[in-house]
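Heads up, the thing below is written out as structure tokens.
Every number here is computed from the coordinates shown, using simple stated rules; none is lab data. None of these values were measured; they are calculated from a predicted model. Cβ atoms come from the backbone with ideal geometry, glycine included; neighbour counts cover every protein chain shown.
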Amino acid sequence: MLARIFRFSFALLLFVALASCSIFQGRPITRPLVYYVREVTVMADAGVPLGVIRGVDRRVSAAVASTRPPAGAQRVAMLVRIEEVGTGFGARRGIPNARFVTTAVSLETGEPVAEGTFNVSGTTDAPGMAEESLAEEISARIRFAFSLVNPSLRKVVRPPRTMMTKFVNDPPEPVMPEMPVAPVVVPNPAATRINPEDGASGTIRLGN
């Protein structure tokens, strides 16, 4: 009985020691971290779809550009390595999933300061949307782990659209006739009457 209790206590202490080593030495990402992320690099094997790589790079870069880091935050470079992309099983058969590793490297020392391995699943298997869905799930996990802001979409103001419905069998619209233009009559200078008193000058002599 005492030997069993001793073995159980020893196993518990060993488990706690290993857990503490993995937490404080490896620094796994178990809570949101705050860094001054200066650049993002996304890497993947040849089997990873290019749309997923581009989608992750575009979304994470936009999140980094929209985030205002706190004063004194450590400057890091982020490396996202997508290791595997596959599909689910059972009820999630056909839904894409991925395993990726995110590492934050200090720009001052060049050494990793935080690293985490994640497994995410997409939300749809629709053609043309599966890759974007998986890229969004990967980016959302990175944004949460590194306290990045989700960039808001720009509101595009479009001019009001005017619509006119016209059927094929509708009669043609009436054409308004053009109004005739009245001719311009130029007066003849010779026919212009001039009064003698207009502009007349002279001397009149009366007889005796």
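Details
- Near R75, the amide H atoms lying under 5 Å from its own belong to Y36, L107; only residues 5 or more places off or on other chains count, and H is placed 1.01 Å from N.
- Charge dipole magnitude, Cβ of K and R +1, D and E -1 - region 27-145, Cα centre, debye nearest 20: 360 debye
- Sequence-ordered 3J(HN,Hα) estimates for region 103-114 from the Karplus curve with 6.51, -1.76 and 1.60 and θ = phi - 60° stand at 10, 9, 10, 5, 7, 7, 9, x, 9, x, 10, 7 Hz, glycine and proline given as x.
- Amide H contacts under 5 Å for V42: V80, restricted to partners 5 or more places along the chain or on a different chain, H placed in the peptide plane at 1.01 Å from N.
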